[in-house]
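Novice: Below is one structure. I have some questions about it.
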Amino acid sequence: MKEPIETCSALFIDPREYTKTVDLPDPASIKIYDTTLRDGEQMPGVALAPRQKYILAKELSALGCHIIDLGFPAVTHSERQMLQLMLEGKRKREIREDLELLVMCRAAEPDIDATIEAIEGVGGDLDQVTFLIFTSGSFLHCKYKLGPMLMKREGLNPRDLPQTPPEFFHEANKRMIAEAIGYARSRGVGKIEFGAEDASRAPLDYVIDLGRAAIRAGATRFNFPDTTGSLTPEATRYYCRALKAAFPNVELVSHFHNDFDLATINAITGVLNGFTIFTATVNGIGERAGNAPLHSIVASLKYLYGLEIPNFRYDRLWRVRRIVEEMTGIPVQAHEPVIGHNVYSHESGIHTHGVTIARQMYEPIPYEEVGGEAKFVYGKHSGSNGLYELLTRRAPEVGCIIDRELLSAVLKEIKVMREHRVCQDETTDFIRNYYANLQQLSISEDEVIELAREIGRRVTEDEHCLIT
């Protein structure tokens, strides 16, 4: 006999029982900072045209994101086009007026000038856009990535880089970011976010020192990146608590990558420790193992912590997942939490029987609340209860008496059919095709060499024609 759905919640312990005593932030203070269009696009093989980005931006606006990262308009023509489309979209009310637009630039006056020119060149005002001015945070990045440039700025010979102590690069970097932010302020930029790449692998006191220099110079928000996804929840708590104490009146942003599959829990840990703004990407796309996945964070905050973000459309998560899959050519894994193709599909007889009684039996998230699709599939693990439910529900189509004998025969044939498909190596072909298609999204080394050879041949032929 089925238990009335409305009473089911009284029969199991809600996970929020264990988090209700946690010092939770006001849900209205949480901001979703989407970086799909910038950091997500940096995933190998992904390239989005401005018009595609604009379609996705409209979806992110409707979804309820608060901040959207538009990349480097000063460097890339396509991102200038995207910026123009976004500003026009706001004027047309296709994009929410309160959706914050953010652009990035390096800590250099030419970058800042070019970014300002890009904004003004598409008819925008500086007060419509937040500038993320970033530098490096760790000694590793400061010395060996920025090092030669920093030494030239300080009037030193880059040849002396190996024996130069790390502290020199920190001090030079600190001066550079302060000067860049001060310059942006002098040019009329009002909203400035400061970011320090690889800060999660830098000593805490140096991160705070760098942050203070940026805030004194005029930054109003601090972006703390875990560039290599190396933080554990314990380390995240350590950094976030200390940075919140050091900058109590500054907005703090977490930017976590997913190299160890910890970006979700680290973003949540950040939210619980003062970092109420988190960056994320749709489907978790991004470089290497990707970025913090939007769907996992928002669902975990809502269903495990009771933090439901106001005006966020959870029911559009599956929709935006599919749009990004189609645009990028990269599907999420079938068992991806919250939005995966199989998370509301059941084959096992035990599970199908359970969810026909009450979906809460095996599904902690109501599928309709995230825009998902619930279905039964049939195969090796199917049971008679689920099959009986299907046949009786669609009895007119079956066209005969549904008895135990029919049920047993159909179930046996289902198992034979499934085993036959395995023998046909269909799954092997599917996987081979998947990786072949994935490879085609990128341009290989061999293709680059062939391209260079062909261009070189044409240039040589053209020069020969000019001579003759």
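Novice: For residue 335 paired with residue 160, estimate the spin-label separation in nm (one decimal), with each label point 7 Å from Cα along the Cα-to-Cβ line.
Specialist: 5.8 nm
Novice: Continuing with the same structure: Relative contact order, percent, of the stretch 71-127 when contacts are C-alpha pairs under 8 Å separated by at least 6 residues?
Specialist: The normalised contact order for the stretch 71-127 reaches 45 percent.
Novice: If you split all Cα-Cα distances of the stretch 345-438 into 10 Å bins from zero, what percentages do you get per bin, shortest first?
Specialist: 14, 34, 31, 19, 2
Novice: Loop-only chymotrypsin sites (Phe, Trp or Tyr not before Pro) in the stretch 396-450, please: DSSP not H, G, I, E or B, and at most 11 other Cβ atoms within 10 Å.
Specialist: Nothing satisfies the criteria.
Novice: State which helices in the chain qualify, where a helix is a whole DSSP H run, it must extend 18 Å or more along its own axis by its Cα atoms, and its mean Kyte-Doolittle hydropathy must be at least -1.0.
Specialist: Flagged H segments are 50-63, 166-186, 204-217, 233-246, 404-423, 445-467.
Novice: Kindly state, to the nearest 0.05, the FRET efficiency for residue 230 paired with residue 49, given R0 = 22 Å and r defined as their beta-carbon distance.
Specialist: It comes to 0.05.
Novice: Looking only at the stretch 188-229, which residues have a backbone nitrogen under 18 Å from a spot 7 Å from the Cα of residue 125 in the C-beta direction?
Specialist: 188-192
Novice: Next up: In bins 5 Å wide, starting from 0, what share of all Cα pairs of the stretch 307-384 does each bin hold, as a percent?
Specialist: Taking every Cα pair in the stretch 307-384, the percentages come to 3, 14, 21, 22, 17, 12, 7, 3, 1.
Novice: In the structure displayed, which of 90/302; 20/58; 31/143; 53/90 lie more than 24 Å apart, Cα to Cα?
Specialist: Exceeds cut-off: 90/302; 20/58; 31/143.
Novice: Could you please rank 376, 139, 131, 260, placing first whichever residue has the fewest other Cβ atoms within 10 Å of its Cβ?
Specialist: In order of increasing Cβ crowding within 10 Å: 260, 376, 139, 131.
Novice: Less than 15 Å from a label point 7 Å out along the Cα-to-Cβ axis of residue 322: which backbone N atoms in the stretch 332-353 qualify, by residue?
Specialist: 332, 339-344
Novice: Sticking with this structure for a sec: Could you work out the relative contact order of the stretch 345-438? I mean the mean sequence separation of Cα pairs under 8 Å and 6+ apart, divided by the number of residues, in percent.
Specialist: It comes to 28 percent, rounded to a whole number.
Novice: If you wrap a convex hull around the alpha carbons of the chain, what volume per residue comes out, as a whole number of Å³?
Specialist: 227 Å³
Novice: Moving to a separate point now. Assigning unit charges at the beta carbon (Lys, Arg +1; Asp, Glu -1) and nothing else, what dipole magnitude in debye, to the nearest 20, does the chain show about its Cα centre?
Specialist: The dipole of the chain has a size of about 640 debye.
Novice: Now a separate question. Once you place label points 7 Å from the Cα toward the Cβ at residue 459 and residue 428, how far apart are they in nm?
Specialist: Those two pseudo-labels are separated by 4.6 nm.
Novice: While we're on this one: Listing 324, 410, 298 from the residue with the fewest other Cβ atoms within 10 Å to the one with the most, what is the order?
Specialist: So the ranking, lowest neighbour count to highest, is 410, 324, 298.
Novice: Follow-up question, since we're still on this one. Sort 23, 429 by Cβ crowding within 10 Å, fewest neighbours at the top.
Specialist: Least crowded to most crowded, the residues run 23, 429.
Novice: How big is the charge dipole of the stretch 345-438 about its Cα centre, in debye rounded to the nearest 20, if each Lys and Arg gets +1 on its Cβ and each Asp and Glu gets -1 on its Cβ?
Specialist: So the magnitude is around 180 debye.
Novice: Under the definition of Cα pairs under 8 Å and six or more residues apart, what whole-number percent is the relative contact order of the chain?
Specialist: 15 percent
Since every read-out is calculated from the coordinates, none of them should be taken as a lab result. Here the structure is a predicted model, which is why all the values come from computation and not from measurement. Quick reminder, even Gly has a Cβ in these numbers, built from the backbone with ideal geometry, and neighbours come from all protein chains shown.
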